Amino acid sequence: MSDLNLQRNGFGQLVLTDDAGQAHEGVVPVRAFAVTAPDDGIALVSVDGRELYWIERLADLPEGPRQLVTEELASREFMPEIHRVRHVSSFATPSRWEVETDRGETSFVLKAEDDIRRLTHHTLLIADSHGVHYLIRDRQTLDKGSKRLLDRFL
């Protein structure tokens with residue numbers, strides 16, 4: 001497919017029209033590297049899971065399609081980024097965590113230490129008891145108290 005022909009239909013779904021003129025309704029953008037390279041490698045996938053279009057770099061798209069893809073990704077993805085760990089109820093699990101995120105203050109229950117996964121040396125992904133994932137992009141940038149609390153679980 002040469003140029004990206006992407007728009008929204010009356011139901012708010014993304015519609016991709018291919019070079020043959022076939023419209024694919026309900027197209028979903030999927031990031032290949034959601035944490036490490038969120039704006040690189042995005043597939044537009046059909047409702048049956050087939051890749052229809054590959055976006056190498058989001059920044060390379062024209063303004064219209066880029067905005068549609070960005071809006072769709074934002075509406076589908078929810079991964080707050082933890083900036084500070086304020087309090088942990090216990091160093092045994094399950095424990096209640098009070099944190100500050102890029103979306104405000106919140107608390108969650110960590111069921112098991114295994115729910116903290118290392119993605120890279122400094123990047124962590126924490127899953128709460130409801131399946132919400134919290135990202136710590138670089139634990140080295142956390143304040144001293146946050147690092148101390150987090151280190152008890154690593």
For region 77-127, list the strands (runs of 3 or more DSSP E) that sit wholly inside it and hold at least 3 residues that are touching an Asp or Glu at 6+ places or on another chain (Cβ under 9 Å) and without any contact (Cβ under 8 Å) to a residue 40 or more places away in the chain; which are they?
-> 95-101, 104-110
Of the residues that make up region 25-39, is at least one of a type in the set (Phe, Trp, Tyr) and under 27 Å from Arg117 (Cα atoms)?
-> yes
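Is one or more of the residues making up region 56-66 assigned by TED's automatic domain parsing to the domain that holds His130, of a type in the set (Lys, Arg), under 18 Å from the mean Cα position of the chain (by Cα) and not in a strand (DSSP E or B)?
no
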Restricting attention to region 111-142, and to residues there that are at pLDDT below 95 and among the β-branched types (Val, Ile, Thr), which single residue is surrounded by the fewest Cβ atoms within 10 Å (Cβ to Cβ)?
-> Thr120
Among (1) exposed (fewer than 13 other Cβ atoms within 10 Å of the Cβ); (2) within 25 Å of Val30 (Cβ to Cβ) - the single one Phe91 does not satisfy | (2)
Subset of region 12-54 [farther than 27 Å from Leu135 by Cβ, outside any loop (DSSP other than H, G, I, E, B) and of a type in the set (Val, Ile, Thr)] | Val15, Thr17
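Please enumerate the residues belonging to region 26-41 that are surrounded by 14 or more Cβ atoms within 10 Å (Cβ to Cβ) and either polar (S, T, N, Q) or more than 30 Å from Leu124 (Cβ to Cβ) (or both). Write out each step before concluding.
Filtering region 26-41 for residues surrounded by 14 or more Cβ atoms within 10 Å (Cβ to Cβ) gives 26-31, 34-35, 38-41.
Correct list: Gly26, Val27.
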Give the residue that is nearest to Ile136 (Cα to Cα), with candidates limited to residues of region 1-45 that are among the hydrophobic types (A, V, I, L, M, F, W, C) and touching a Pro at 6+ places or on another chain (Cβ under 9 Å).
-> Ile42
Please find, among Leu4, Leu44, Leu61, the residue that is surrounded by 17 or more Cβ atoms within 10 Å (Cβ to Cβ), modelled with pLDDT of 95 or more and of a type outside the set (Ser, Thr, Tyr).
-> Leu44
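Residues of region 128-143 being on the phi < 0 side of the Ramachandran plot and without any contact (Cβ under 8 Å) to a residue 40 or more places away in the chain, which ones? Please lay out each step first, then the result.
Of the residues in region 128-143, the ones on the phi < 0 side of the Ramachandran plot are 128-130, 132-143.
The answer is Asp128, Ser129, His130, Asp138, Arg139, Gln140, Thr141.
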Every residue from region 101-120 that is charged (D, E, K, R) and either farther than 18 Å from Asp151 by Cα or more than 18 Å from the chain's Cα centre (by Cα) (or both) | Asp102, Arg103, Glu105, Lys111, Glu113, Asp114
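The values are calculated or read from the model by the stated rules, or taken from the named source; none is laboratory data. None of the values given here were measured: they were computed from a predicted structure. All Cβ positions, glycine included, derive from the backbone under ideal geometry; neighbour counts span all protein chains shown.
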